[in-house]
1. Tell me, please, whether a residue that is surrounded by 15 or more Cβ atoms within 10 Å (Cβ to Cβ), away from the ligand (no atom under 16 Å from the Cβ), in a strand (DSSP E or B) and of a type outside the set (S, T, Y) can be found in region 231-245.
2. For region 59-70, check the following and say yes or no: at least one residue is part of a helix (DSSP H, G or I) and polar (S, T, N, Q).
3. Of all residues being among the hydrophobic types (A, V, I, L, M, F, W, C) and part of a loop (DSSP other than H, G, I, E, B) in region 144-190, which is nearest to Q113 (Cα to Cα)? Just the residue, please.
4. Being touching a helix residue (DSSP H, G or I) at 6+ places or on another chain (Cβ under 8 Å) and either among the hydrophobic types (A, V, I, L, M, F, W, C) or closer than 19 Å to K160 by Cβ (or both): is that true of I207 here?
5. Go through region 1-47 and tell me which strands (runs of 3 or more DSSP E), entirely inside it, have 3 or more residues that are outside the structural domain of V84 (by TED's automatic domain parsing).
6. Please pick out the residue among K243, K205, K249 that is of a type in the set (K, R) and assigned by TED's automatic domain parsing to the domain that holds G24.
7. For region 157-190: of the residues being among the polar types (S, T, N, Q) and in contact with a His (Cβ under 6 Å, 6 or more places away or on another chain), which is surrounded by the fewest Cβ atoms within 10 Å (Cβ to Cβ)?
Amino acid sequence: MLNKLSDTIYYLANQEDRERPTLGLICGDQYSLIIDSGNSTQHAKDFLQEIKKLNVPPVRYVVITHAHWDHFLGMNEFDATVIVNSQTYKMINEWKRYSFDDISLQQYVKSNQMSTMCMKTIQTDMPNRDSFKLNSPDVIFENTLSIDLGNKVCILEKIKSTHTDDSTIIYIPDEKVIFLGDCAYGTTTNSLFHYKQSMLLPMIKDIQKFDAEMFLLGHESICDSNEMNIYWEELTSASRVVKSTSLEKAIELFKVENNRDPNDNELFFIKAFVNDHIIQSQ
Ligand SMILES: [Zn+2]
């Protein structure tokens, strides 16, 4: 079932046991726009079936928030214009060369081009895929793009991110809603989970430029301003104390600066920023 955020904004909640991120639906008077196309043809089909139950204008656009497989592999199911930033375009184009039969999938996993989870999802939720080829996105933008769906403007913007270098956010000004994709998360490099520390403050600045009250995240669904501010505060206070690859020093400094121990979230973030230093030093 779709969650209704307002008369014109809906979302299909993330489902972590199936690696399914949050998908969005924005409806104008004339057209509808989709945010992320799902992790598989089945995810996309499930979403489309839910949309059919609503009496909304036809889906004209699909925006992909970034080039991680769980956000775009359902792309071919939509009879719509697929929009990405130029960096996402380059990365998705790599996937256009892929074959999706079992032997090819196993080879990609072996050579670290694909995660095991991705292969398993494809095997379960993409039947009849022996001749499957991923479509190409249709519209490529550089930094920002506005779309009017009929009395409903959506602003797409490529922003800095601690998660990827190709993050697009979607802001709906008249509803004060913003879809963040995965941009506010960390990422895993060489088996180490880290937040790109140099991107944290520029990212927060890029996001806070928009006057939003509701925040949709790729793997959390929805946060209000209060929850988002706590998240930023915990991330920045963790980042401030990490200046090297030493976890001990960072925790010590946190105690000095805050007169208390870090809470579980802050400790998690401190470790992730320490990992970022480790990766940078490699
Ligand atoms: Zn991602």
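1. Taking region 231-245 first, the residues surrounded by 15 or more Cβ atoms within 10 Å (Cβ to Cβ) are 231-232, 234-235, 237-242, 245.
Add one more test, that the residue is away from the ligand (no atom under 16 Å from the Cβ), and what stays is 231-232, 234-235, 237-242, 245.
When the remaining residues are screened for being in a strand (DSSP E or B), the result is none.
Taking every residue of region 231-245 in turn, none turns out to be surrounded by 15 or more Cβ atoms within 10 Å (Cβ to Cβ), away from the ligand (no atom under 16 Å from the Cβ), in a strand (DSSP E or B) and of a type outside the set (S, T, Y).
2. Restricting attention to region 59-70, the residues satisfying the condition of being part of a helix (DSSP H, G or I) are 69-70.
So of that shortlist, the ones also polar (S, T, N, Q) come out as none.
Scanning region 59-70 turns up no residue that is part of a helix (DSSP H, G or I) and polar (S, T, N, Q).
3. Taking region 144-190 and keeping what is among the hydrophobic types (A, V, I, L, M, F, W, C), we get 145, 147, 149, 153-156, 159, 169-170, 172, 177-180, 183-184.
Subset that is part of a loop (DSSP other than H, G, I, E, B): 149, 183-184.
On the way: L149: 37, C183: 21, A184: 24 Å.
Per the stated criteria, the residue is C183.
4. Values: touching a helix residue (DSSP H, G or I) at 6+ places or on another chain (Cβ under 8 Å): no; either among the hydrophobic types (A, V, I, L, M, F, W, C) or closer than 19 Å to K160 by Cβ (or both): yes.
Here the answer is no, as I207 does not meet what is asked.
5. Values: elements: 9-12, 23-27, 32-35.
No strands (runs of 3 or more DSSP E) qualify here.
6. Details: K243 fails: assigned by TED's automatic domain parsing to the domain that holds G24; K249 fails: assigned by TED's automatic domain parsing to the domain that holds G24.
Of K243, K205, K249, the one residue that is of a type in the set (K, R) and assigned by TED's automatic domain parsing to the domain that holds G24 is K205.
7. Once the filter is applied, the top-ranked residue is T187.
The values are calculated or read from the model by the stated rules, or taken from the named source; none is laboratory data. Nothing here was measured: the structure is a model prediction, and the numbers come from that model. Backbone-built Cβ (ideal geometry, glycine too); neighbour counts: all protein chains shown.
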